[in-house]
Amino acid sequence: FQVVVAALGQPVHGARVTVAWEGPGPHPEVVVRPVGYVETKPDPDNLAEYVGWWPDPLLPPGPVEVAAGETQPLWGTVRAAKGTPAGDHEATVTVEAPGQTPLRLRLTARVLDVDLGFTHLPSLLSLRLDSIRRFYKLDTVTPEIKRRWYEFCLQYRMNPNNIYSTTFYPEEEDLDFCIERGFNAMVIYTPPLRRSTRNRAENL
């Protein structure tokens, strides 16, 4: 679900969106993240009809600042963990900011009476740890950071591999960690076959 905070006449400082479930649980898990924007620029290879600020990344949860005349969307992700009772779960979504009257909305999440467990289609994803290191200006990608990325990918049912590398991802020490979270497909690199009278260049 999405909530948009609009600062119509004056800036809004420290706006928060919270979710409170009603009745006995356990209830679905909810994470509310601000939507970030990325500015695109004219490019001969970019055939988009619009260039400028596009909504793209989901930022870490927390309060948001909204300038006068601007809007700030927040994206809510609802996930029914194992053991969440089937049926309709009702919640109050509260939008509040200092000096402003809180706004309350209704949220209904319907949980079906099925349990998929870890069952999902095998998938391949090119997760480049070196790109993570360079983007975040890290000296190295520590085991803790690496596992956070593995867990993030698997939460969204994407197997963290690198389909263009000769290095195995996940590495051996992380395999059990990933398998416990649903990892089910791996890229295995093999070097070129040795050429022989039967393995000629054209049929390798």
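The values are calculated or read from the model by the stated rules, or taken from the named source; none is laboratory data. From a predicted model like this one, the values you see are computed outputs, not experimental measurements. Every residue, glycine among them, receives a Cβ derived from its backbone with ideal geometry; neighbour counts consider all protein chains shown. Surface accessibility is based on the protein's heavy atoms, side chains included, excluding ligands, DNA and RNA. Shrake-Rupley method; radii C 1.70, N 1.55, O 1.52, S 1.80 Å.
Thinking of the range 109-165 as a set of Cα atoms, what percent of all their pairs are more than 13 Å apart? If you can, show how the numbers build up before the last one.
Details: 1079 of 1596 pairs.
Counting every Cα pair in the range 109-165, those more than 13 Å apart make up 68 percent.
Do the sum for the chain: with -39,500 (n - 2.57) for every DSSP H run of n ≥ 4, divided by all residues, what is the mean residue ellipticity at 222 nm, to the nearest 500 deg cm²/dmol?
That comes out to -3500 deg cm²/dmol.
Please report the relative contact order for the chain, taking Cα pairs under 8 Å with a sequence separation of at least 6, and give it as a percent rounded to a whole number.
19
Can you give the accessible area of His27 in Å² (nearest 10), computed on protein heavy atoms with a 1.4 Å probe?
40
What FRET efficiency would be calculated for the residue pair Leu58, Thr142, taking the C-beta separation as r and a Förster radius of 22 Å, to the nearest 0.05? Provide the component values of the computation, followed by the final result.
Numbers: r = 23 Å, r/R0 = 1.04.
That gives a FRET efficiency of 0.45.
What accessible area, in Å² to the nearest ten, does a 1.4 Å probe give for Tyr50?
120
Residues with amide H under 5 Å of Asn161's amide H, sequence separation 5 or more or different chain, H placed in the peptide plane at 1.01 Å from N; which?
Answer set, sorted by chain and number: Leu125, Leu127.
Any number yet on Rg/Rh for the chain, C-alpha, Kirkwood? Show your work: numbers first, answer last.
Working: Rg = 22.9 Å, Rh = 21.2 Å.
Rounded to two decimals, Rg/Rh equals 1.08.
When Lys and Arg each count +1 and Asp and Glu each count -1, what net charge do the other residues less than 13 Å away from Glu173, Cβ to Cβ, add up to? Don't jump to the answer; show the numbers that get you there.
Details: positive: Lys146, Arg147; negative: Glu144, Glu171, Glu172, Asp174, Asp176.
Residues close to Glu173 contribute a combined charge of -3.
Give me the accessible area per residue for the chain, probe 1.4 Å, as a whole number in Å².
71
In square nanometres and to one decimal, what's the mean projected area of the convex hull around the Cα atoms of the range 1-122?
11.0
Relative to the longest principal Cα axis of the chain, at what angle does helix 143-155 sit, 0 to 90 degrees, rounded to 10?
80
Can you give the accessible area of Tyr136 in Å² (nearest 10), computed on protein heavy atoms with a 1.4 Å probe?
120
With all protein chains present, how much of the accessible area of the chain (probe radius 1.4 Å) comes from carbon and sulfur, to the nearest whole percent?
Of the solvent-accessible surface of the chain, carbon and sulfur hold 55 percent.
What length, rounded to one decimal in nm, is gained on full extension from Trp75 through to Arg157, with 0.36 nm per residue of separation minus their alpha-carbon distance?
27.6 nm
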